[in-house]
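Report on the structure given below.
The values are calculated or read from the model by the stated rules, or taken from the named source; none is laboratory data. These numbers were taken from a predicted model, which means no experiment stands behind them. Cβ placement follows ideal geometry from the backbone for every residue including glycine, while neighbour counts extend to all protein chains displayed.
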Amino acid sequence: MPRFVVPFREYLLMDANLVVKFLIISDVVLVGSRGLIAPIFAVFALGVIPNATVETIGIATTIYLVAKSVFQVPAASLMDKIKGECDDFWLLVIGSLVSSFLPLLYLIMATPLQLYVIQFLMGIAYALMFPSYMAIFTRHIDRDKEGLEWGTYFTLVDLGSAVAAAVGGVLAVTIGFTWVVVFMTALSLLGTLLLFPIKSRMRMPVSQVK
């Protein structure tokens, strides 16, 4: 029986096309940046919002997930109706930018209602990002490497989030929650900028192709 070995170069995305490479690298940075605060978010929110409880955090999480779920399908449907990939790309960029700056509002929130509004807006931002990212990735994935490239995506994103979770906890203790949020925003913006190298590779509608 022949040995099955995955070359290390596959983990480095050396054989993937440019669009897939930058989509994965961008999401490693974006998702990793959010991983900085994800494990300590409840502690952070309970510390800055007077009278906040564990119930407050549960409601905030529910609002985010409901908003994301409700707006995700209309956003995806709109993208499917507009031919070409430019709309997908810009919805991905807009969603990424909004989700990058929204965490700064955590630093000035003072009531549960304000937290709920932030989480609602975050859900809408992710509703724009998720289907657009998946649509672009799916169209540009290398033939006969669908499983490998999706597997590489989840592996690298999960590893990045794992490292970020540990780093976020250490930074929160050493330099404080405020700087963790600022650092998170900076990394998120970097992840958004990493999307722009693929802009020229977005497919135009057939009617616009000369």
Long-range neighbours under 7 Å by Cβ, at least six apart or interchain, first residue of a type in the set (F, W, Y) and crowded, with 16+ Cβ neighbours inside 10 Å within region 14-27, second at pLDDT 90 or above and part of a helix (DSSP H, G or I) | F22/P197; F22/I198
Might you let me know whether region 156-173 holds any residue that is charged (D, E, K, R) and modelled with pLDDT of 90 or more?
-> yes
Can you name every residue in region 150-175 that is more than 17 Å from the chain's Cα centre (by Cα) and among the hydrophobic types (A, V, I, L, M, F, W, C)?
-> A166, V167, V170, L171, A172, V173, I175
Determine which member of the set A16, A67, A60 is within 22 Å of Y133 (Cβ to Cβ) and modelled with pLDDT of 90 or more.
-> A67
Name the helices (runs of 4 or more DSSP H) wholly inside region 53-157 in which the number of residues that are buried (at least 19 other Cβ atoms within 10 Å of the Cβ) and touching a His at 6+ places or on another chain (Cβ under 6 Å) is 2 or more.
-> none
